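Presented below is the structure to which this report refers.
Derivation of every value follows stated rules applied to the coordinates shown; laboratory data play no part. None of the values given here were measured: they were computed from a predicted structure. Cβ coordinates were reconstructed from backbone atoms using ideal geometry, including for glycine residues, and neighbour counts include every protein chain displayed.
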Amino acid sequence: MQSINSIARNLNRTTLIDTFIVTGIALVSILIRALSANYPLTINGFDSWYLFYNAVLISQAHGNWYAVPPDIHAWFPYGFFIELGDTIGLPFIVSLLSMPFYGTFGVNAVYTVTIFLDIALAGLGVGAAYVATAGITKSRIAGFVAAAIIAVSPALTYKNIIGGLPKDSWGGVFVLFSIYLLSYAIEKKKPLYGGIAGIPLFLAEISWGGSTYIDLSLLAGSFLLILLNRNDEFTAKSFTLMAIVTAFLTSFAPNSIGFLSGLAHGLSLLIIGALLFLDLYLRRIIPKEIGESRAFIIIATVVFIFVIGIVGLSFLGINPVPSRYYAIINPFYQFTVPIDRTVAEYIPQPITSMIEDFGISLILSIIGMYYLLRQGNLSALWLLVLGILSIYGTSEQPYLFNYTAYMIAPLAGAGVYFAINKLKGSSKIIPLLIIALVGISLVSDAGAAIIYSNEPNEIYTSASPYPDLNYAWVSALDWIHNETPTHSFILSWWDYGYWIEVIGNRSVIDENNTLNGTQIKLMAEMFLNNESFAANVLENDFHIYPYGSSKYNIPTYIVAYDAVTLYNNSGTYEWYIGYPTDLGGEFLGYTTSLGDIGKAMGAMTIIAGYPVNEYLNSSLITSEVDYLNSTLGPLASSDSTIATELDQLAGYVSDAYPFAWTHKAYNSLIVDMFVEALQGTGDEVIAPFSSKLEFSVSGFSISPGTPIPPIHLTYFQPVYVSLSPWISGPGYETYIMVMIYQFVQPGTIVPSTYYTS
């Protein structure tokens, strides 16, 4: 009896110590993600604003997610039923947490929960990684390593700082809790816990929407379990209970999750459970002589049915896999989908970027996969499959990185445990070296995570690549919200759709979920052609008529933004569109883009299907570089310092490629909007590549550039221009400019343009 009491006391002490350590790691994670609180607090990124908007709609319906009205502001004039997307789950959770305070504080309660929910995610993620890893490996050290990786992961900073609502991360955390509970049910032979595991799995699917991915990964894990001959009655029962609970709860969700309905998802989980029981049945009835073949019989049958189903759907003209997800399976297909070729989050990344995001845990996860394959149960094999799929998926479409981090961390923890366990018998030093190596790597990751987290939210940097506060977009959105009629229609490139829709509270032509490729293409075509083309699209495609017309019906505005530079040329101020390629250094006359000019000459031409050489003249770059080589080349051949400077100058010229405009680019709506808005300040706008660098013994100077002739658009008139100072340099000041034009009948005069800086 004393020995039993002693064991109990030791277990309690161990649990208390583990809780203390994991809590400490969680606090580190929270502190890192909370660094952005050094700046003005707000919702982070773009998608999070729309999730907040959905949470407000649910709260206004008193938490009843069946009563949520369609989002009438999205994809004018059609609107978007948010019940049909996979965005309702996380807003539903936000709404439920806000409801006790909603009666008193209203929308502010939802806004506050949205901002600080990521703090909870930072702590829960650490706990989920610990319990999942320790549960599978039976090693506290493995759990601590996994928890520490999550706490300091640079991959969990970009979207996971204060104000973020990263659906992928929440999905990953809920999946880890499901893995832990399923493992516990199998190991302890208590299938009831499998039913409990169905609850976080349900939450993963409604908050993230990756039901097909989860179904297929569970199917693959079950195949492996059968092939490795590790299936047993408790595994089948535990999984089936998890499937029943998940399918039951998911059937109550009002939305279609992913690209399968909730019903199909529930049935697919139950089919996997039936597959496990079928394996047990065949094991009993098939003679031992051919017993080893049963796994192959089962898998061959299921694969045959799956292939027949896919072929049947294809024959009926139903695409069983949407293009976005098919691009992950077949990377070559991605080049046939214009939107996938232009969105950074869909473009395959090199291994160096993945190492930067995941550090040494990416390597350790491979060892963990080997360990789980050797002796893992169904939950461990499920984690193995999830890890492989997430790493591959992230290499093809980087937007999955903040989900993949939650799959890699437990695998890395298992890898450390396996390596130490294998090597500790041969040497006591090697395990210590492994721990030291992991510790050093984690310190490095923590440094990167601190840097990435210590930045303001994107709306307070005007979506620039530098962490400098800028209020150009805040000012413009405030003007849209307060000064435009509530039934106004706002056109912009899709990147800013959620901001305009939620903060401006106005209808938009397109938005960040990129569902409607037709309207995104129309927007690209309007920007890339002249104003008459844009007016024709509005009148004939959208049946919207300009202000001042006898058919005038809906106030319509068009918004664009980029950096601009005001250069002091010997006392005369001149505007250059874009920001200096040597930002912060001497002004060389070359600028590049961080906003809509760069997108117009890149993404928009691809989506519109226009040849980029119709808008950009690469010979301008070549001639500038040739000029530099002819001027400085002879000196560079004998002076390494000049050779280095020549290379830098050539790089600065190449970076100005988005401004190597052709005649067609000069006549595009997007360029004319920038020129007219800047000319309205009273200073001239200099044509790109019209000024020259001139060299002398004393240094260099810039020859006068050619001013662009005055632009006066007739169908679109500027009504608001937000110029917010950005970064200064010798003799120049850069600004972020957001400009708003109104669609008007030619000859109609609108109130004077309002400039703010």
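Observations on the structure shown:
- With Cα atoms, 0 to 90° folded angle of helix 233-250 axis to the chain main axis: 40 degrees
- Evaluated with a Cβ-only charge set (Lys, Arg +1; Asp, Glu -1), the chain carries a dipole of roughly 4140 debye about its Cα centre, given to the nearest 20.
- Here S696 and E187 are evaluated by their C-beta separation; at R0 = 56 Å the FRET efficiency comes out at 0.10.
- Cα gyration tensor shape for the stretch 627-757, rounded if a/c is under 1.5, else prolate or oblate: prolate
- Cβ-based net charge around V612, under 14 Å, with every Lys or Arg adding one and every Asp or Glu removing one: +2
- Extension gain (nm, one decimal) between T19 and I749, 0.36 nm per residue minus Cα-Cα: 255.9 nm
- C-alpha center-to-center spacing [the stretch 396-417, the stretch 661-705] in angstrom: 47 Å
- Once both labels are positioned 7 Å from their Cα atoms along Cα-to-Cβ, the gap between F533 and K138 label points is 6.9 nm.
- Within-13-Å neighbourhood charge of E574 [Cβ basis; K, R +1; D, E -1]: -3
- Rounded to the nearest 10 degrees, the angle from helix 429-453 to the longest Cα principal axis of the chain is 40 degrees.
- Cβ-Cβ FRET estimate between A120 and K551, R0 fixed at 41 Å, reported to 0.05: 0.20
- Anisotropy class of the stretch 588-631 from Cα gyration tensor, a/c 1.5 cut: oblate
- Between S637 and E233, the modelled label-to-label distance comes to 8.9 nm, taking each label 7 Å out from Cα in the direction of the beta carbon.
- Between S570 and D478, the distance separating the two model label sites (each 7 Å from Cα on the Cα→Cβ line) works out to 4.1 nm.
- Percent of beta bridges antiparallel (DSSP, the chain, rounded to nearest 5): 75 percent
- Each Lys or Arg adds one and each Asp or Glu subtracts one; over the other residues with Cβ under 15 Å from the Cβ of I430, this totals +3.
- Gain on full extension, evaluated as 0.36 nm per residue between Y66 and R341 minus their Cα-Cα distance, stands at 95.4 nm.
- Counted residue by residue at 0.36 nm each, then reduced by the alpha carbon distance between them, the extension gain from F248 to S619 reaches 127.2 nm.
- Signed unit charges on C-beta, dipole axis of the chain, positive-most listed residue A197, W479, T681: A197
- Compared with the dominant Cα axis of the chain, that is its longest principal axis, helix 669-679 is turned about 60°.
- With the helix formula -39500 (n - 2.57) applied to DSSP H stretches of n ≥ 4, the chain reaches a computed 222 nm mean residue ellipticity of -18500 deg cm²/dmol.
- Calculated FRET efficiency, R283 to I308, Cβ-Cβ distance, R0 = 30 Å: about 0.70 to the nearest 0.05.
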